[in-house]
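This report concerns only the one structure given below.
The values are calculated or read from the model by the stated rules, or taken from the named source; none is laboratory data. On a predicted model such as this, the values are computed, not experimentally measured, just so you know. Methodologically, a virtual Cβ is constructed for each residue, glycine included, from the backbone with ideal geometry; neighbour enumeration extends over all protein chains shown. With ligands, DNA and RNA removed, areas are computed over all heavy atoms of the protein, side chains included. Shrake-Rupley method; radii C 1.70, N 1.55, O 1.52, S 1.80 Å.
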Amino acid sequence: MNIDRQKAIEVAKHVLETKPPMVIFDTETSGIGPNDVILEIAMMDTQGSVLLNTLVRWDGIIIPEEATKVHGITVDDLKESPTWVEVYPQIQAILRASGGLVAYNIDFDARMLAQSNRAAGITSCGRINTYCAMKIYANYRGDRSDNRGYKWYKLTQACAHEKVTVDNAHRAIGDVKMTLELLKKIAQNEVQGA
(Lines give C-alpha, C1' and ligand atoms only; values in the text may rest on other atoms or scores of the structure.)
Protein backbone atom coordinates (compact mmCIF):
# COMPACT_ATOMS: atom_id res chain seq x y z
CA MET A 1 0.00 0.00 0.00
CA ASN A 2 1.42 3.41 -0.90
CA ILE A 3 2.38 5.74 1.97
CA ASP A 4 -0.05 8.49 0.95
CA ARG A 5 -2.94 6.01 0.81
CA GLN A 6 -2.01 4.64 4.24
CA LYS A 7 -1.80 8.19 5.61
CA ALA A 8 -5.25 9.00 4.15
CA ILE A 9 -6.69 5.94 5.91
CA GLU A 10 -5.08 7.03 9.19
CA VAL A 11 -6.40 10.59 8.83
CA ALA A 12 -9.92 9.31 8.02
CA LYS A 13 -9.80 7.12 11.14
CA HIS A 14 -8.59 10.08 13.22
CA VAL A 15 -11.42 12.26 11.91
CA LEU A 16 -14.00 9.59 12.75
CA GLU A 17 -12.59 8.69 16.17
CA THR A 18 -11.72 12.12 17.62
CA LYS A 19 -13.47 13.06 20.87
CA PRO A 20 -15.38 15.28 21.13
CA PRO A 21 -16.61 14.32 17.65
CA MET A 22 -15.60 16.39 14.68
CA VAL A 23 -18.29 18.16 12.67
CA ILE A 24 -18.79 17.58 8.96
CA PHE A 25 -20.41 20.49 7.21
CA ASP A 26 -21.45 21.59 3.75
CA THR A 27 -22.85 24.75 2.25
CA GLU A 28 -24.86 25.69 -0.79
CA THR A 29 -24.14 29.24 -1.91
CA SER A 30 -25.22 32.12 -4.11
CA GLY A 31 -22.12 31.51 -6.23
CA ILE A 32 -18.37 31.03 -5.96
CA GLY A 33 -17.17 34.63 -6.05
CA PRO A 34 -15.72 36.85 -3.32
CA ASN A 35 -19.09 38.44 -2.45
CA ASP A 36 -21.22 35.29 -2.48
CA VAL A 37 -22.85 33.94 0.69
CA ILE A 38 -24.24 30.75 2.20
CA LEU A 39 -27.86 29.96 1.33
CA GLU A 40 -27.96 26.57 3.06
CA ILE A 41 -25.78 24.95 5.69
CA ALA A 42 -25.83 21.49 7.24
CA MET A 43 -23.68 20.21 10.08
CA MET A 44 -23.47 16.63 11.34
CA ASP A 45 -21.10 15.09 13.83
CA THR A 46 -19.03 12.07 12.86
CA GLN A 47 -21.41 9.87 14.85
CA GLY A 48 -24.17 10.75 12.35
CA SER A 49 -26.19 13.19 14.49
CA VAL A 50 -27.56 16.13 12.50
CA LEU A 51 -26.65 19.29 14.43
CA LEU A 52 -27.93 21.89 11.97
CA ASN A 53 -29.74 21.82 8.63
CA THR A 54 -31.17 25.14 7.50
CA LEU A 55 -31.69 27.50 4.63
CA VAL A 56 -30.51 31.07 5.21
CA ARG A 57 -32.33 34.25 4.21
CA TRP A 58 -30.44 37.31 2.98
CA ASP A 59 -32.52 40.44 2.46
CA GLY A 60 -32.29 41.71 -1.10
CA ILE A 61 -30.29 38.76 -2.40
CA ILE A 62 -30.44 37.78 -6.03
CA ILE A 63 -29.50 34.15 -6.69
CA PRO A 64 -27.96 33.73 -10.15
CA GLU A 65 -29.61 31.15 -12.38
CA GLU A 66 -26.32 29.24 -12.60
CA ALA A 67 -26.31 28.72 -8.83
CA THR A 68 -29.96 27.64 -8.76
CA LYS A 69 -29.19 25.10 -11.51
CA VAL A 70 -26.64 23.47 -9.18
CA HIS A 71 -28.60 23.29 -5.91
CA GLY A 72 -32.19 24.17 -6.85
CA ILE A 73 -32.50 26.91 -4.19
CA THR A 74 -34.51 30.02 -5.12
CA VAL A 75 -35.20 33.30 -3.32
CA ASP A 76 -38.75 32.05 -2.65
CA ASP A 77 -37.32 29.02 -0.81
CA LEU A 78 -35.56 31.37 1.63
CA LYS A 79 -38.51 33.62 2.55
CA GLU A 80 -39.37 31.90 5.86
CA SER A 81 -35.78 30.96 6.75
CA PRO A 82 -33.67 32.53 9.49
CA THR A 83 -31.04 35.12 8.62
CA TRP A 84 -27.31 34.46 8.96
CA VAL A 85 -27.26 36.64 12.09
CA GLU A 86 -29.90 34.32 13.60
CA VAL A 87 -28.16 31.09 12.50
CA TYR A 88 -24.55 31.94 13.29
CA PRO A 89 -24.78 31.64 17.11
CA GLN A 90 -25.81 27.98 16.60
CA ILE A 91 -22.89 27.45 14.23
CA GLN A 92 -20.50 29.07 16.69
CA ALA A 93 -21.72 26.85 19.56
CA ILE A 94 -21.39 23.72 17.39
CA LEU A 95 -17.85 24.68 16.36
CA ARG A 96 -16.74 25.43 19.92
CA ALA A 97 -18.00 22.05 21.14
CA SER A 98 -16.47 20.07 18.28
CA GLY A 99 -13.18 18.28 17.93
CA GLY A 100 -12.61 19.92 14.54
CA LEU A 101 -14.28 20.73 11.26
CA VAL A 102 -14.42 18.62 8.08
CA ALA A 103 -15.78 19.40 4.63
CA TYR A 104 -15.42 18.08 1.14
CA ASN A 105 -13.36 21.00 -0.24
CA ILE A 106 -12.85 22.73 3.10
CA ASP A 107 -11.10 25.68 1.46
CA PHE A 108 -14.30 26.67 -0.36
CA ASP A 109 -16.71 26.10 2.53
CA ALA A 110 -14.46 27.84 5.08
CA ARG A 111 -14.15 30.80 2.71
CA MET A 112 -17.94 30.91 2.40
CA LEU A 113 -18.28 30.92 6.21
CA ALA A 114 -15.91 33.89 6.40
CA GLN A 115 -17.64 35.72 3.54
CA SER A 116 -21.09 35.18 5.08
CA ASN A 117 -19.83 36.47 8.42
CA ARG A 118 -18.33 39.52 6.74
CA ALA A 119 -21.55 40.19 4.80
CA ALA A 120 -23.51 40.03 8.07
CA GLY A 121 -21.01 42.09 10.05
CA ILE A 122 -20.00 39.17 12.29
CA THR A 123 -16.52 38.48 13.62
CA SER A 124 -15.52 34.86 12.99
CA CYS A 125 -15.21 32.55 15.98
CA GLY A 126 -11.46 31.99 15.62
CA ARG A 127 -9.24 29.09 14.68
CA ILE A 128 -10.35 25.48 14.61
CA ASN A 129 -8.69 22.31 13.35
CA THR A 130 -9.89 21.60 9.82
CA TYR A 131 -9.68 18.60 7.52
CA CYS A 132 -10.46 18.39 3.83
CA ALA A 133 -12.25 15.18 2.88
CA MET A 134 -11.57 15.90 -0.81
CA LYS A 135 -7.80 15.94 -0.21
CA ILE A 136 -8.01 12.89 2.04
CA TYR A 137 -9.81 11.06 -0.76
CA ALA A 138 -7.32 12.29 -3.39
CA ASN A 139 -4.45 10.82 -1.38
CA TYR A 140 -6.42 7.63 -0.75
CA ARG A 141 -7.28 7.11 -4.42
CA GLY A 142 -3.79 8.06 -5.58
CA ASP A 143 -4.48 9.17 -9.15
CA ARG A 144 -1.69 11.53 -10.17
CA SER A 145 -2.43 15.05 -11.38
CA ASP A 146 -0.06 17.17 -13.41
CA ASN A 147 -0.29 20.23 -11.19
CA ARG A 148 -1.06 19.38 -7.56
CA GLY A 149 0.02 15.90 -6.62
CA TYR A 150 -3.16 13.86 -6.67
CA LYS A 151 -6.28 14.43 -8.73
CA TRP A 152 -9.23 15.99 -6.93
CA TYR A 153 -12.64 14.45 -7.59
CA LYS A 154 -16.13 15.86 -7.16
CA LEU A 155 -17.94 14.36 -4.18
CA THR A 156 -20.42 12.53 -6.40
CA GLN A 157 -17.58 11.04 -8.46
CA ALA A 158 -15.71 9.89 -5.36
CA CYS A 159 -18.84 8.33 -3.87
CA ALA A 160 -19.78 6.57 -7.10
CA HIS A 161 -16.24 5.16 -7.44
CA GLU A 162 -16.26 3.89 -3.83
CA LYS A 163 -19.82 2.54 -4.11
CA VAL A 164 -21.20 5.03 -1.58
CA THR A 165 -24.83 5.87 -2.29
CA VAL A 166 -25.17 9.22 -4.04
CA ASP A 167 -28.35 10.78 -2.68
CA ASN A 168 -29.60 14.36 -2.50
CA ALA A 169 -26.40 15.68 -4.09
CA HIS A 170 -25.85 19.45 -4.08
CA ARG A 171 -28.06 19.95 -1.06
CA ALA A 172 -26.09 20.55 2.11
CA ILE A 173 -27.49 17.65 4.16
CA GLY A 174 -27.09 15.19 1.30
CA ASP A 175 -23.46 16.20 0.76
CA VAL A 176 -22.71 15.97 4.49
CA LYS A 177 -24.12 12.44 4.67
CA MET A 178 -22.16 11.37 1.58
CA THR A 179 -18.95 12.86 3.02
CA LEU A 180 -19.41 10.92 6.26
CA GLU A 181 -20.03 7.66 4.40
CA LEU A 182 -17.02 8.24 2.15
CA LEU A 183 -14.77 8.81 5.18
CA LYS A 184 -16.10 5.62 6.77
CA LYS A 185 -15.35 3.70 3.56
CA ILE A 186 -11.78 5.02 3.50
CA ALA A 187 -11.21 4.22 7.19
CA GLN A 188 -12.58 0.67 6.81
CA ASN A 189 -10.47 -0.14 3.77
CA GLU A 190 -7.30 -0.94 5.70
CA VAL A 191 -9.17 -3.63 7.64
CA GLN A 192 -10.40 -5.11 4.35
CA GLY A 193 -6.83 -5.28 3.05
CA ALA A 194 -7.25 -2.78 0.22
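Tabulated data for the structure shown
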quantity	calculated
Mean separation of Cα contacts under 8 Å (6+ apart) over length of segment 81-194, as relative contact order %	21 percent
Candidate lysines - alpha carbon under 17 Å from Lys69, same-chain residues fewer than 8 apart omitted	Lys154
Exposure of Thr46 as accessible area (Å², to 10), given a probe of 1.4 Å and all protein chains	10 Å²
Helix-only [θ]222 nm of the chain, DSSP H runs n ≥ 4, -39500 (n - 2.57) each, per residue, nearest 500	-14000 deg cm²/dmol
Degrees, to the nearest 10: 3-17 long Cα axis against longest axis of the chain	50 degrees
Relative contact order (%) - criterion: Cα under 8 Å, at least six apart; region: the chain	29 percent
Cut-off under 5 Å, modelled amide H: who pairs with Val23 long-range	Gly99, Gly100, Leu101, Val102
Accessible area in square angstrom per residue, segment 43-120, 1.4 angstrom probe	49 Å²
Fraction of beta bridges assigned by DSSP in the chain that are antiparallel (%, nearest 5)	70 percent
Selected from Ser81, Ala97, Phe108, residue furthest toward positive end of dipole (segment 11-110; charges at beta carbon)	Ala97
Rounded if a/c under 1.5, otherwise prolate or oblate - segment 139-193, Cα gyration tensor axes	oblate
Taking the C-alpha atoms of segment 55-103, convex hull volume expressed per residue in Å³	87 Å³
Calculated FRET efficiency for the pair Asn168/Asn35, C-beta based, R₀ 30 Å, to 0.05	0.65
Selected from Asp59, Asp107, Asp77 as most flexible by GNM, with the chain as the system and alpha-carbon contacts under 10 Å	Asp59
